[in-house]
Amino acid sequence: MELKYEFERIEKKWQQRWEQAGCYKAETGSDKPKYFALVEFPYPSGDGLHVGHPRPYTALDIVARKRRMQGYNVLFPIGFDAFGLPTENYAIKHHMHPVAVTERNIAHFTEQLKMLGYSFDWDRVVDTTDPDYYKWTQWIFLQFFKKGLAYKASMPVNWCTSCKVVLANEEVVDGVCERCGAPVVKKEKSQWMLAITKYAQRLLDDLDELDFIERVKIQQRNWIGRSTGAEVDFATTAGDALRVFTTRPDTLFGATYMVISPEHAILKDWEGKLTNLDEVRAYQAEAARKSDFERTELQKDKTGVCLQGVRAVNPVTGQEIPIFISDYVLATYGTGAIMAVPGHDTRDWEFARKFGLPIVEVVKGGNVEEAAFTDCETGILVNSGFLDGMPVEEAKKAITAWLTEQGLGQEKVNFKLRDWVFSRQRYWGEPIPIVHCDKCGWVPLPEDQLPLRLPDVESYEPTDNGESPLAYMTDWVNTTCPKCGGPAQHETDTMPNWAGSSWYFLRYMDPNNDKALVSPEAAAYWSPVDWYNGGMEHTTLHLLYSRFWHKFLYDIGVVPTKEPYQKRTSHGMILGLNPRNFANLSPEEQAELVRTCGSEKAARRYLVEKYGEMAEHPIVKMSKSLGNVVNPDDVVRTYGADTLRTYIMFLGDFEKAAPWQDNAVKGCKRFLDRVWNLADSCTDSPELTPANESAVHKTIRKVGADIEEMKFNTAIAAMMSLVNDLYANGASKGDMGVLLRLLSPFAPHIAEELWEILGFEGFCCLQSWPEYDESKTVDAEVEMAVQVQGKLKTTVKVPVDSPEETILEAVLADGKIQRLMEGKEIVKTIHVKNKLVNLILKPKA
RNA sequence: GCCGGUGUGGCGGAAUUGGCAGACGCGCCAGACUUAAAAUCUGGUGGGGGAAACCUCGUACCGGUUCGAUCCCGGUCACCGGCACCA
């Protein structure tokens with residue numbers, strides 16, 4: 001046929017045909033088994049698609065395409081998570097409306113995604129900034145509010161001292177403003193909160209039943225941070241009680257002082273009794289002024305003030321002990337107060353040393369003069385009255401029982417997880433559908449008034465006083481109270497960008513429903529997501545948030561499953577070569593640099609001096625400033641989408657970070673060229689070529705299994721090997737039919753074109769997935785390793801499954817083995833079926 | 001500090017989890033085709049020794065278990081990611 005592989009023409013042609021034929025439409029309610037494959041929808045930034053996007057997208061496209069070929073009704077959707085700061089900042093800078101910016105960016109992303117040949121169902125696209133979409137985001141918020149899970153609380157927010165603006169946590173990098181580099185301090189502001197902590201235990205427990213990769217589960221468990229201990233009340237000389245949380249109630253006899261956080265509310269009650277109130281107030285002010293950055297910087301150096309005028313009483317020793325305030329105790333964890341046991345807690349030990357406080361040993365096993373002894377496994381209680389002689393775990397139980405009996409405390413579980421700060425003082429987000437009325441307080445908007453649309457404003461600039469730009473829209477702000485009809489104001493804060501992404505996968509199931517966020521039928525048919533792949537950076541944010549929302553929706557009867565995603569996997573980042581690293585310079589540049597610097601060592605040192613430490617890393621994140629960003633458009637133009645898809649799956653272990661290497665892309669192009677040319681020379685026989693039969697069956701097995709295990713790189717390597725075999729042995733149309741179906745999920749366009757050229761019927765991408773015959777994957781002969789004393793000496797070819805005697809006969813006939821055996825006898829043979837024999841020799845007596 | 005991960009040729013990476021280390025690809029070397037180059041095709045390619053058959057070393061480092069260790073155990077080092085005063 002002598003046709004050239006014109007990837008550009010072929011890719012356009014098949015993208016059109018697939019779309020016309022509706023090959024990738026998901027059908028709600030179909031009799032086929034369903035499969036919901038999900039990728040994280042992109043934020044449509046002005047920069048367009050990054051080469052990092054195709055990695056997870058191609059991976060799940062391969063899975064979706066394979067499932068379709070396996071007879072599933074597949075839902076593989078895409079959408080846009082379009083609210084967010086970069087768009088807002090771009091709109092401010094270029095005086096464009098964020099809606100227009102978003103529209104343009106989505107159009108660009110859509111074009112790029114289509115160019116890559118993904119089998120998305122384009123009829124189900126969602127856009128979080130579409131009022132028909134965010135209507136339901138607001139609806140969910142109202143349900144949270146009605147159940148008491150959305151509430152207002154005064155919270156410290158990040159305040160940039162230079163921009164004079166509230167920053168999202170994501171905008172604070174290492175304690176400074178991401179944009180201007182000025183220090184960020186905390187400022188009190190009333191914020192909407194979502195009570196995710198009410199779901200902490202369920203979010204933890206239900207992880208066990210999910211098919212998430214282990215590192216995701218571990219990170220979520222650590223983030224939720226459950227710990228079991230006890231709450232204990234310490235009576236004070238002020239006549240009240242100070243409650244603490246501890247995970248080591250067994251060490252109660254060793255509590256020689258107490259510490260409360262500078263923000264602790266009890267300080268107000270004690271004001272009249274404190275004789276050093278000025279000193280205490282100064283410390284409180286200092287702590288409030290400190291940024292997070294300073295607080296962590298100074299972490300090791302403990303500070304504090306001893307309260308004069310109020311002391312506490314240790315409930316078991318009856319001793320009066322001092323109370324300190326110190327910022328090493330956090331106001332937001334436990335009760336904001338601790339009993340300090342310097343003998344058995346590292347932080348308390350440091351503090352006690354600094355302030356000259358007594359250190360009492362109550363668990364034997366270490367030397368409390370040298371360091372705190374914190375081991376719970378081996379320690380035995382001492383100096384602890386009725387606990388003496390008990391191991392730690394037993395003592396914990398005994399003391400907790402005693403405290404409960406005395407009414408001084410009880411067992412208590414605490415979580416590190418905090419409630420979710422849900423307000424942003426920004427324009428480009430979902431308006432919070434709540435009205436404030438002086439008479440009625442916070443009143444939810446009636447559901448039939450949703451969506452509460454964003455108004456058009458003159459300026460999207462954040463304001464100087466930390467209010468949302470919406471606050472200046474008096475026409476929009478002023479409204480009437482839905483409850484009493486009196487004057488009221490809309491809430492001017494908007495939702496964070498995590499809101500719309502917390503439930504988007506549900507909307508794909510039923511994207512145009514205007515009666516409900518998803519119909520019960522669609523939810524019942526498609527739930528849960530069968531396979532969700534996304535970045536590790538979302539593990540403790542988006543992934544946890546959306547699990548929380550889903551559980552809430554389950555509780556109010558909107559969705560049928562208590563978990564949204566059955567399986568979660570994660571891909572590694574695509575990195576770039578560092579153009580400032582010596583090894584990545586061209587040979588000419590290297591030589592030049594070595595000449596001017598004197599030696600290679602000096603050249604490397606020069607680069608580090610010029611560019612900083614970063615020049616020492618050959619592989620780094622892609623960044624515009626380094627100029628090592630790869631644009632997928634360029635790759636597609638030069639090599640085609642199929643080559644990009646194949647390369648990005650071939651370049652390394654899917655779960656690990658991997659560097660993009662331009663010249664390696666050629667290898668994948670060469671592979672596809674070889675597949676193309678093979679179609680020219682293949683015979684018309686519809687059967688497998690006998691010489692290729694076992695290789696074909698093995699490849700079917702390997703590619704199928706590897707896709708399930710996300711080992712896409714070795715799946716491609718197996719197909720490359722098969723192509724090498726087909727060249728060596730000659731290929732038939734039958735061989736090609738299998739190869740093209742295996743290749744189709746990876747490189748769908750070329751597979752489709754060759755499928756047509758070779759005269760096969762229908763779409764290649766809708767054929768059934770090839771099946772292999774286990775018996776045909778077995779070769780007639782195997783090459784077995786022959787070892788002497790465990791070291792490889794030679795190999796022998798024997799019929800498969802040969803008995804040991806047959807193999808030994810062949811081995812002993814080998815000249816080399818005979819030489820090695822001179823003057824020796826076999827004392828033992830180890831035989832591993834079809835793999836190896838190992839002879840243990842000993843000199844003859 | 002705590003939790004998790006990784007360490008294999010010049011490079012990206014394989015190795016059915018205790019059984020022939022380096023599949024597949026890049027790069028490089030040689031040859032074919034070409035006036036030449038590119039492209040393509042064929043062969044070679046971990047280090048050291050040897051003309052060769054072959055010998056020998058080799059999966060971050062040290063030690064152990066085993067007939068046999070990239071894989072298991074003990075220790076050390078380096079790098080990456082997450083959390084970080086969570087009582």
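Quick notes on this one:
- Within the range A:331-352, residues that are at negative phi sit with their Cβ atoms under 7 Å from residues that are basic (Lys, Arg) and more than 7 Å from RNA strand B (Cβ to nearest atom), at 6+ positions apart or across chains, in these pairs: A:Thr332/A:Arg418; A:Thr335/A:Arg243; A:Ala337/A:Arg243.
- Enumeration of residues in the range A:775-797 that are free of Cβ contacts under 8 Å to residues at least 40 places away in the same chain, out of contact with any strand residue (DSSP E or B) (no Cβ under 6 Å at 6 or more places or on another chain) and closer than 30 Å to A:Gly704 by Cα: A:Ser775, A:Ala780
- Unmet requirement for A:Glu805, which otherwise passes all of (1) within 16 Å of RNA strand B (Cβ to nearest atom); (2) open to solvent by 60 Å² or more (accessible area, probe 1.4 Å): (1)
- Unmet criterion (only one of (1) open to solvent by 70 Å² or more (accessible area, probe 1.4 Å); (2) away from RNA strand B (no atom under 16 Å from the Cβ)) for A:Lys791: (2)
- When the range A:724-735 is filtered for residues that are open to solvent by 20 Å² or more (accessible area, probe 1.4 Å), in contact with a helix residue (DSSP H, G or I) (Cβ under 6 Å, 6 or more places away or on another chain) and either outside any helix (DSSP H, G or I) or away from RNA strand B (no atom under 11 Å from the Cβ) (or both), only A:Asn729 remains.
- Candidates A:Leu553, A:Leu541: the one that is farther than 19 Å from A:Asp211 by Cβ and either under 21 Å from the mean Cα position of the chain (by Cα) or modelled with pLDDT under 95 (or both) is A:Leu541.
- A:Thr236 being closer than 20 Å to A:Gly336 by Cα, touching a residue at least 24 places away in the same chain (Cβ under 8 Å), more than 10 Å from RNA strand B (Cβ to nearest atom) and of a type outside the set (Asp, Glu): yes
Yes/no matrix, rows are residues, columns are (1) over 30 Å from A:Arg568 (Cβ atoms); (2) not charged (D, E, K, R):
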| residue | (1), (2) |
| --- | --- |
| A:Arg605 | yes, no |
| A:Ile619 | no, yes |
| A:Lys624 | yes, no |
| A:Leu672 | yes, yes |
| A:Pro686 | yes, yes |
| A:Glu709 | no, no |
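- Residues in the range A:431-449 that are assigned to a loop (DSSP other than H, G, I, E, B), farther than 17 Å from A:Trp192 by Cβ and either of a type in the set (D, E, K, R) or in contact with a helix residue (DSSP H, G or I) (Cβ under 7 Å, 6 or more places away or on another chain) (or both): A:Asp438, A:Lys439.
- Only listed residue being buried (at least 16 other Cβ atoms within 10 Å of the Cβ), among the small types (Gly, Ala, Ser), more than 30 Å from A:Lys114 (Cβ to Cβ) and within 14 Å of RNA strand B (Cβ to nearest atom), chosen from A:Ala658, A:Ala615, A:Ala583, A:Ala603: A:Ala615
- Selection of first residues in the range A:720-732 that are touching a residue at least 40 places away in the same chain (Cβ under 8 Å) and of second residues that are basic (Lys, Arg), restricted to Cβ pairs under 7 Å at least 6 apart or on distinct chains, gives the following pairs, ordered by first then second residue: A:Val723/A:Arg674.
- Meeting the requirement of 3 or more residues that are within 30 Å of A:Lys624 (Cα to Cα), modelled with pLDDT of 95 or more and open to solvent by less than 60 Å² (accessible area, probe 1.4 Å), the helices (runs of 4 or more DSSP H) wholly within the range A:1-95 are A:54-69.
Residues checked against (1) modelled with pLDDT of 95 or more; (2) among the small types (Gly, Ala, Ser); (3) surrounded by 14 or more Cβ atoms within 10 Å (Cβ to Cβ); (4) within 20 Å of A:Lys147 (Cβ to Cβ):
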{"position": "A:Arg424", "(1), (2), (3), (4)": "no, no, yes, no"}
{"position": "A:Glu430", "(1), (2), (3), (4)": "yes, no, yes, yes"}
{"position": "A:Pro433", "(1), (2), (3), (4)": "yes, no, yes, yes"}
{"position": "A:Lys439", "(1), (2), (3), (4)": "no, no, no, no"}
{"position": "A:Leu445", "(1), (2), (3), (4)": "yes, no, yes, yes"}
{"position": "A:Asp456", "(1), (2), (3), (4)": "no, no, no, no"}
{"position": "A:Thr463", "(1), (2), (3), (4)": "no, no, yes, no"}
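- Residue under evaluation A:Arg645, criteria (1) among the basic types (Lys, Arg); (2) within 15 Å of RNA strand B (Cβ to nearest atom); (3) over 21 Å from A:Asp706 (Cα atoms), criterion not met: (3)
- Residues (away from RNA strand B (no atom under 12 Å from the Cβ) and open to solvent by 40 Å² or more (accessible area, probe 1.4 Å)) located in the range A:687-718: A:Glu687, A:Leu688, A:Pro690, A:Ala691, A:Glu693, A:Glu708
- The residues of the range A:521-543 that are crowded, with 18+ Cβ neighbours inside 10 Å and within 15 Å of A:Tyr508 (Cα to Cα), listed by number, are A:Ala522, A:Ala523, A:Tyr525, A:Trp526, A:Ser527, A:Pro528, A:Val529, A:Asp530, A:Trp531, A:Tyr532.
- Once the range A:767-788 is narrowed to residues that are hydrophobic (A, V, I, L, M, F, W, C) and within 30 Å of A:Pro745 (Cβ to Cβ), the residue that is most open to solvent (accessible area, probe 1.4 Å) is A:Val778.
- Residues that are farther than 18 Å from A:Ile10 by Cβ and surrounded by 19 or more Cβ atoms within 10 Å (Cβ to Cβ), drawn from the range A:666-684: A:Cys682
- Qualifying residue in the range A:620-628 (condition: in contact (Cβ under 8 Å) with a residue 40 or more places away in the chain and at positive phi): yes
- When A:Asp269, A:Asp205 are checked against the criterion of being assigned to a helix (DSSP H, G or I), away from RNA strand B (no atom under 15 Å from the Cβ) and more than 24 Å from A:Leu403 (Cβ to Cβ), A:Asp205 stands alone in meeting it.
- Counting only strands (runs of 3 or more DSSP E) that sit wholly inside the range A:295-395, those with at least 1 residues that are out of contact with any helix residue (DSSP H, G or I) (no Cβ under 7 Å at 6 or more places or on another chain) and of a type in the set (Phe, Trp, Tyr) are A:320-325.
- Candidates are the residues of the range A:208-233 that are out of contact with any helix residue (DSSP H, G or I) (no Cβ under 8 Å at 6 or more places or on another chain) and aliphatic (A, V, I, L, M); the one that is farthest from RNA strand B (Cβ to nearest atom) is A:Ile213.
- Listed by first and then second residue, the pairs with beta-carbon distance under 6 Å, at least 6 apart or on different chains, first residue in the range A:518-533 and free of Cβ contacts under 8 Å to residues at least 12 places away in the same chain, second open to solvent by less than 20 Å² (accessible area, probe 1.4 Å), form an empty list.
- Meets criteria (at pLDDT below 95, within 16 Å of RNA strand B (Cβ to nearest atom), of a type outside the set (A, V, I, L, M, F, W, C) and part of a helix (DSSP H, G or I)) for A:Ser721: no
- Matching option when the condition is more than 8 Å from RNA strand B (Cβ to nearest atom) and modelled with pLDDT under 95, among A:Thr374, A:Thr303, A:Thr346: A:Thr374
- The requirement of being more than 20 Å from A:Ile78 (Cα to Cα) and away from RNA strand B (no atom under 16 Å from the Cβ) is not satisfied by A:Gly572.
- Here A:Glu377 clears all of (1) touching a Pro at 6+ places or on another chain (Cβ under 9 Å); (2) surrounded by 17 or more Cβ atoms within 10 Å (Cβ to Cβ) except the condition numbered (2).
The values are calculated or read from the model by the stated rules, or taken from the named source; none is laboratory data. Predicted, not measured: the structure shown is a model, and the values here were computed from it. Neighbour counts run over all protein chains shown; Cβ positions are idealised from the backbone, glycine included. Remember, those area values only see protein heavy atoms, side chains included, never the ligands or the DNA or RNA. Shrake-Rupley method; radii C 1.70, N 1.55, O 1.52, S 1.80 Å.
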